[in-house]
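Accompanying notes for the structure given below.
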Ligand SMILES: Nc1ncnc2c1ncn2[C@@H]1O[C@H](COP(=O)(O)OP(=O)(O)OP(=O)(O)O)[C@@H](O)[C@H]1O
């Protein structure tokens with residue numbers, strides 16, 4: 001009898017707002033143990049999931065599952081790039097942008113059952129200044145909010161909205177030069193988002209037309225955000241019609257360069273990543289296999 005495929009679940013106990021869920025018991029109960037063997041490993045610190053994922057791939061696990069939110073997905077995905085293992089997701093974060101884009105069930109029992117007999121597909125991967133991202137990366141206000149969110153004490157959509165409203169009162173855009181598709185554009189950067197998948201998480205659609213397998217990033221530019229436009233952007237994020245609203249400008253590209261006079265903060269899959277004055281954003285076509 002051929003050996004059963006092996007799945008390694010990597011659980012980030014710090015992810016999400018509902019930490020009481022008993023993930024090991026749910027896996028015992030809902031995984032089809034006649035179809036797959038599994039291991040469960042816990043992260044002990046930020047960045048640990050990348051190491052565990054790389055080791056699991058080297059040990060021959062067919063699928064390595066990020067049990068957490070987009071931060072955990074980013075770490076596991078980073079660890080799996082260039083390996084033969086596919087990434088699965090059990091969504092347990094507060095936003096779950098990539099899981100929602102890939103239509104992974106948000107209820108853990110259903111997501112676990114699906115891992116017993118997944119469908120394997122490949123997806124594109126983005127990179128900003130050498131750091132891989134799987135869902136979105138960006139400069140400006142969204143990065144600033146992710147920095148404030150990290151120290152807000154609570155998580156979830158409510159905290160995110162509260163922090164964004166507070167910071168909106170004082171945030172100032174910065175001048176940048178953007179080069180893409182053989183064109184150079186001088187503009188202000190309130191938000192410059194690079195979307196591999198369509199949403200930030202929580203069904204906030206920054207680039208609803210993004211296709212994770214098209215070999216292109218959807219680039220969304222908002223140069224200024226006066227109140228009326230801010231209301232339209234918020235509605236556009238919620239309704240998924242931001243491209244049609246006229247409140248943001250869109251491009252698609254495989255390679256983008258950004259130069260700024262003053263340092264600008266950036267985020268990688270929703271986690272604040274520091275400041276820089278030069279950015280190179282690239283797309284790696286179909287660089288990761290996913291189990292969905
Ligand atoms: N054992 C740990 N202790 C503390 N932090 C950890 C641990 N393991 C991972 N982390 C960090 O926890 C952070 C939050 O995780 P994650 O992004 O998965 O959840 P989330 O923020 O609730 O979800 P989302 O990104 O979907 O909103 C990640 O940046 C990750 O590096």
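The values are calculated or read from the model by the stated rules, or taken from the named source; none is laboratory data. The structure presented is a predicted model; accordingly, all values stated were derived computationally and were not measured. Neighbour counts are summed over all protein chains in view; Cβ atoms, including those assigned to glycine, are modelled from backbone coordinates with ideal geometry.
Looking at the stretch 32-46, can you tell me whether even one residue there is within 26 Å of residue 206 (Cα to Cα) and either surrounded by fewer than 23 Cβ atoms within 10 Å (Cβ to Cβ) or within 11 Å of the ligand (Cβ to nearest atom) (or both)? Scanning the stretch 32-46 turns up no residue that is within 26 Å of residue 206 (Cα to Cα) and either surrounded by fewer than 23 Cβ atoms within 10 Å (Cβ to Cβ) or within 11 Å of the ligand (Cβ to nearest atom) (or both). For residue 214, the conditions (1) surrounded by fewer than 21 Cβ atoms within 10 Å (Cβ to Cβ); (2) on the phi > 0 side of the Ramachandran plot; (3) away from the ligand (no atom under 16 Å from the Cβ) all hold with the exception of (2). Checked against (1) outside any helix (DSSP H, G or I); (2) surrounded by 24 or more Cβ atoms within 10 Å (Cβ to Cβ); (3) within 16 Å of the ligand (Cβ to nearest atom); (4) at pLDDT 95 or above, residue 95 passes all but a single condition, namely (4).
Remark: pairs (first residue in the stretch 72-83, under 16 Å from residue 286 (Cα atoms); second residue part of a loop (DSSP other than H, G, I, E, B) and more than 8 Å from the ligand (Cβ to nearest atom); Cβ separation under 7 Å; 6+ apart in sequence or on different chains) = 74/134; 77/134. In this entry, residue 23 is excluded by the filter for residues that are touching a residue at least 40 places away in the same chain (Cβ under 8 Å) and either under 19 Å from the mean Cα position of the chain (by Cα) or within 8 Å of the ligand (Cβ to nearest atom) (or both). Restricting attention to the stretch 41-56 and to residues that are touching a strand residue (DSSP E or B) at 6+ places or on another chain (Cβ under 8 Å) and in a helix (DSSP H, G or I), the residue that is nearest to residue 72 (Cα to Cα) turns out to be 49.
Restricting attention to the stretch 172-213, the residues being touching a strand residue (DSSP E or B) at 6+ places or on another chain (Cβ under 8 Å) and part of a loop (DSSP other than H, G, I, E, B) number 14. With the condition kept exactly as written, say whether any residue in the stretch 138-159 is within 11 Å of the ligand (Cβ to nearest atom), closer than 30 Å to residue 224 by Cβ and not assigned by TED's automatic domain parsing to the domain that holds residue 203. No, the stretch 138-159 has no match at all. Contact map, the stretch 36-59: residues that are on the phi < 0 side of the Ramachandran plot paired with residues that are in a helix (DSSP H, G or I) and near the ligand (Cβ under 9 Å from one of its atoms), Cβ distance under 6 Å, separation 6+ or inter-chain. Pairs shown: 43/49; 49/72; 49/75; 50/75. Identify all residues within the stretch 260-280 that are part of a strand (DSSP E or B) and either within 15 Å of the chain's Cα centre (by Cα) or not assigned by TED's automatic domain parsing to the domain that holds residue 184 (or both); write none if there are none. Passing the criteria: 266, 267, 268, 271, 272, 273.
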